[in-house]
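One structure below.
The values are calculated or read from the model by the stated rules, or taken from the named source; none is laboratory data. All values derive from a computational prediction rather than experimental measurement. Counting neighbours? That spans all protein chains shown, and the Cβs are built from the backbone with ideal geometry, glycine included.
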Amino acid sequence: MGLVEMDLKQLRLNPMTLIGRDWWLVTAGRAESFNTMTASWGHLGAIWSRPGEGSMPTAVIYVRPQRYTKEFLDREPRFSLSVLGEEHRAALNHLGSHSGRDGDKVSEAGLTPVAAEGTVYFAEAKLVLICRTLYRAPLLESGFLDRDIIARNYPERDYHVQYVGEIVRVLKREEE
Ligand SMILES: Cc1cc2nc3c(=O)[nH]c(=O)nc-3n(C[C@H](O)[C@H](O)[C@H](O)COP(=O)(O)O)c2cc1C
């Protein structure tokens, strides 16, 4: 069963469990050169607008400066978010604990990259969000009102970079 385009308005999901528990793969690049990483921090929602249209459907991701994937995110106009089923948990763990700088972790994880839509996603995904990067900025130390978050999450002061992407296409696995 392949991935087919679906109308974003028909999408039914719980962003809290999808991102925080199921996780997704953040991927950017082209067929010849791309990288991916597991992420469990992010948001789905709406912000900004075009004349005559409602607010834009958006996905927000948070990427530490040291991730290899960040180089691709910064270079490319688009990125993808691939949601995989529980049967791929080992692959998600692998891609979240190895860097693409050190080897071909996608092959090691046994996933099949698909280069399309100006980015790369994975054939094994059950849901793919294709995003166009609208905004990029690092989190500011001065913005943390709960200072405990800094102590707990940023002992090295390596604040995440936030990327806001407009969701331009949704691909969903066909029902079997
Ligand atoms: C469950 C899980 C969630 C993660 N979430 C994030 C995240 O939201 N942001 C981030 O920068 N790194 C996150 N990571 C860490 C990266 O996936 C990990 O450092 C990865 O090896 C980076 O690969 P790269 O250097 O090839 O980009 C997560 C890792 C795991 C296992």
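General remarks:
- Counting only strands (runs of 3 or more DSSP E) that sit completely within region 84-160, those holding 1 or more residues that are more than 30 Å from Gly2 (Cα to Cα) and either modelled with pLDDT of 95 or more or out of contact with any helix residue (DSSP H, G or I) (no Cβ under 7 Å at 6 or more places or on another chain) (or both) correspond to 127-138.
- Taking region 46-80 as the range and being loosely packed, with under 14 Cβ neighbours inside 10 Å, touching a residue at least 24 places away in the same chain (Cβ under 8 Å) and either among the hydrophobic types (A, V, I, L, M, F, W, C) or more than 26 Å from Phe122 (Cβ to Cβ) (or both) as the test, only Trp48 passes.
- Sub-7 Å Cβ pairs linking a first residue in region 136-161 that is free of Cβ contacts under 8 Å to residues at least 12 places away in the same chain to a second residue that is part of a helix (DSSP H, G or I), at least 6 apart or interchain, are Phe144/Ile150; Ile150/Glu141, ordered by first then second residue.
- Checking Arg101 against (1) surrounded by 15 or more Cβ atoms within 10 Å (Cβ to Cβ); (2) on the phi < 0 side of the Ramachandran plot; (3) in contact (Cβ under 8 Å) with a residue 12 or more places away in the chain, the condition it does not meet: (1)
- When we screen Gly85, Gly100 for residues that are away from the ligand (no atom under 12 Å from the Cβ) and not polar (S, T, N, Q), the only hit is Gly85.
- Those residues of region 32-42 which are within 10 Å of the ligand (Cβ to nearest atom) and of a type in the set (Ser, Thr, Tyr), in sequence order: Thr36, Thr38, Ser40
- Across region 68-80, not a single residue is classified as closer than 28 Å to Glu175 by Cα and more than 12 Å from the chain's Cα centre (by Cα).
- Within region 43-80, if we keep just the residues that are β-branched (Val, Ile, Thr) and either more than 9 Å from the ligand (Cβ to nearest atom) or assigned to a helix (DSSP H, G or I) (or both), the residue that is farthest from Ser33 (Cα to Cα) turns out to be Ile47.
- Check on Tyr135, more than 17 Å from Thr38 (Cβ to Cβ) and more than 12 Å from the chain's Cα centre (by Cα): yes
- Of all positions in region 6-29, none carries a residue that is under 17 Å from Lys105 (Cα atoms), within 16 Å of the ligand (Cβ to nearest atom), touching a helix residue (DSSP H, G or I) at 6+ places or on another chain (Cβ under 7 Å) and of a type in the set (S, T, N, Q).
- Among the residues examined, Glu71 qualifies as acidic (Asp, Glu) and under 19 Å from Pro138 (Cβ atoms).
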